[in-house]
Amino acid sequence: MSTLHDTLRRYVDDGAVPGAVGLVAHGTDVEAVAVGSVDTGGGSPMARDSIFRVASVTKPITAAAVLALVEDGTLALDAPVAEWLPELGGPVVVRTPQSPLDDIVPAARPVTVEDLLTFKAGWGFPADFSLPAARALLDVHRNGLTPHLQPDQDVWLARLARVPMLRQPGEAWLYNTGSDLQGILVARASGRTFPDFLAERVLGPLGMTDTAFEVPEAKRTRFTTSYTPDGKGGLDRLDTPDGGWSSPPAFASGAGGLVSTADDLLAFGRMLLADGAAPDGGRVLSPASVRRMTTDHLTAAQRDASALFLEGQGWGYGGSVDVSPVAPWNVPGRYGWVGGSGTAAHVIPATATVTVLLTQVAMTGPTPPPLMRAFWTATLGERRG
């Protein structure tokens, strides 16, 4: 047995998760380990092709779709998003982050496409969730791990437009909301549904056949049950294979709505390491787009203010970029992100490495749980670039 297997097995045996799939790839050398069961009942063993709700691991894939439209010339990074999202025209900002919702000033400039990609649009979660504008935003995002319960994208966007921005555009990194806005932007700018555009331009060319916003009946025997810690050492069930992902959602969340598998996420990571090339020799993205996607776009002050979410990391487009080796797994240039459902996927360009961890137990906050840290230690600690 390998270090990776022993690490995952330990957390299954102590009851932290019913099961897990871990994968680490260096070029064509791939180690994939599946341990435990797809649910707490232990009836079906976890498998390499088990399907998981990947939550915020959706974000890098969404950003790739936006960049595909930028390369087409349909979008431009410096274009105001109000051209496609008129609900966000003329936004207002709370006078200070601590101000009540009715103490507002006009936005100093329009929100751009790149603001959405870098999470500097003015809407999003800060380190202090008690701020009035943050509490109002939480109500808009109240179904974070159950995006199938959200209203359709037009209703959702109208609700968001009534919430004042917490910070001026470009001023601060604020988590999450930018990715949901990216998904709506893709749909409106392309004239397609977001799932259809994503399938045509990203998922299809990469052979990511199990990545989608719903799970058809024929695949549900591979679909895991999801859980959240009950605070007493046990697990509460969040969703079942025949639950929220059994039909198309009203709102396909670019921030966290996808399901996927370890090998599908490996295919996405390999595309990034190949500067945007697809397996068939075609291209999903240009090398320039991949460089922008995987480069930190934050200032030191913006990173410091976001340490609740970013540990030794900055932010590219749709994912974090390691800038400081504050832990053994923080390899400068490592790109990727974690999902609140208990998932993580990263690429390390310096060593041509892809790592994927999939579990079905939700995180209890922004800090990665012990299993995730142990996985990174097992797969990255000895391979720093």
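The values are calculated or read from the model by the stated rules, or taken from the named source; none is laboratory data. Just so it is clear, the structure is predicted and the values come from calculations on it, not from any experiment. Here the Cβ positions follow ideal geometry from the backbone for every residue, glycine too, while neighbour counts run over all protein chains shown. Surface areas here come from the heavy atoms of the whole protein model, side chains and all, with no ligands, DNA or RNA. Shrake-Rupley method; radii C 1.70, N 1.55, O 1.52, S 1.80 Å.
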I'm told Ala108 meets every condition in (1) open to solvent by less than 60 Å² (accessible area, probe 1.4 Å); (2) of a type in the set (A, V, I, L, M, F, W, C); (3) in a loop (DSSP other than H, G, I, E, B) except one. Can you identify the failing condition by its number? (1)
Which of the residues belonging to the range 211-236 are over 22 Å from the mean Cα position of the chain (by Cα) and in a strand (DSSP E or B)? Leu235, Asp236
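Go through the range 124-136 and give me each residue that's assigned to a helix (DSSP H, G or I) and either of a type in the set (D, E, K, R) or in contact with a helix residue (DSSP H, G or I) (Cβ under 7 Å, 6 or more places away or on another chain) (or both). Before the answer, list the steps.
To start, the set of residues in the range 124-136 that are assigned to a helix (DSSP H, G or I) comprises 132-136.
Residue satisfying the conditions is Arg135 alone.
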Across the range 139-158, the tally of residues that are surrounded by 15 or more Cβ atoms within 10 Å (Cβ to Cβ) and not in a loop (DSSP other than H, G, I, E, B) stands at 6
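For Gly183, state whether it is open to solvent by 40 Å² or more (accessible area, probe 1.4 Å) and modelled with pLDDT of 95 or more.
Numbers: open to solvent by 40 Å² or more (accessible area, probe 1.4 Å): no; modelled with pLDDT of 95 or more: yes.
Against the criterion (open to solvent by 40 Å² or more (accessible area, probe 1.4 Å) and modelled with pLDDT of 95 or more), Gly183 does not qualify.
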Filtering the range 195-216 down to residues that are closer than 22 Å to Asp242 by Cα, open to solvent by 50 Å² or more (accessible area, probe 1.4 Å) and out of contact with any Phe, Trp or Tyr (no Cβ under 8 Å at 6 or more places or on another chain) yields Thr209, Pro216
Single condition Gly243 does not satisfy, out of (1) open to solvent by 50 Å² or more (accessible area, probe 1.4 Å); (2) more than 22 Å from Glu114 (Cβ to Cβ); (3) assigned to a loop (DSSP other than H, G, I, E, B); (4) of a type outside the set (S, T, N, Q): (1)
Inspect all residues belonging to the range 56-73 and state whether any of them is open to solvent by less than 10 Å² (accessible area, probe 1.4 Å), within 30 Å of Ala133 (Cβ to Cβ), more than 23 Å from the chain's Cα centre (by Cα) and not polar (S, T, N, Q). no
Return the residue satisfying two criteria in turn: it lies in the range 41-55 and is modelled with pLDDT of 95 or more and over 27 Å from Gly318 (Cβ atoms), and of such residues it is least open to solvent (accessible area, probe 1.4 Å). Met46
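For every residue, the table says whether it meets (1) hydrophobic (A, V, I, L, M, F, W, C); (2) touching an Asp or Glu at 6+ places or on another chain (Cβ under 9 Å); (3) free of Cβ contacts under 8 Å to residues at least 24 places away in the same chain; (4) within 30 Å of Asp39 (Cβ to Cβ).
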{"residue": "Ser306", "(1), (2), (3), (4)": "no, no, no, no"}
{"residue": "Gly312", "(1), (2), (3), (4)": "no, yes, yes, no"}
{"residue": "Met363", "(1), (2), (3), (4)": "yes, no, no, yes"}
{"residue": "Arg373", "(1), (2), (3), (4)": "no, no, no, yes"}
{"residue": "Trp376", "(1), (2), (3), (4)": "yes, no, no, yes"}
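Could you say whether any residue in the range 8-20 is farther than 25 Å from Gly207 by Cβ, of a type in the set (Val, Ile, Thr) and either open to solvent by 10 Å² or more (accessible area, probe 1.4 Å) or assigned to a loop (DSSP other than H, G, I, E, B) (or both)?
Yes, the conditions are met somewhere in the range 8-20.
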Of the numbered conditions (1) in a loop (DSSP other than H, G, I, E, B); (2) open to solvent by 10 Å² or more (accessible area, probe 1.4 Å), Ala121 fails exactly one; give the number of that condition. (2)
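Report yes if Val111 is in contact with a helix residue (DSSP H, G or I) (Cβ under 9 Å, 6 or more places away or on another chain), among the β-branched types (Val, Ile, Thr) and farther than 27 Å from Asp275 by Cα, otherwise no. First the steps, then the outcome.
Working: in contact with a helix residue (DSSP H, G or I) (Cβ under 9 Å, 6 or more places away or on another chain): yes; among the β-branched types (Val, Ile, Thr): yes; farther than 27 Å from Asp275 by Cα: yes.
Answer is yes for this residue.
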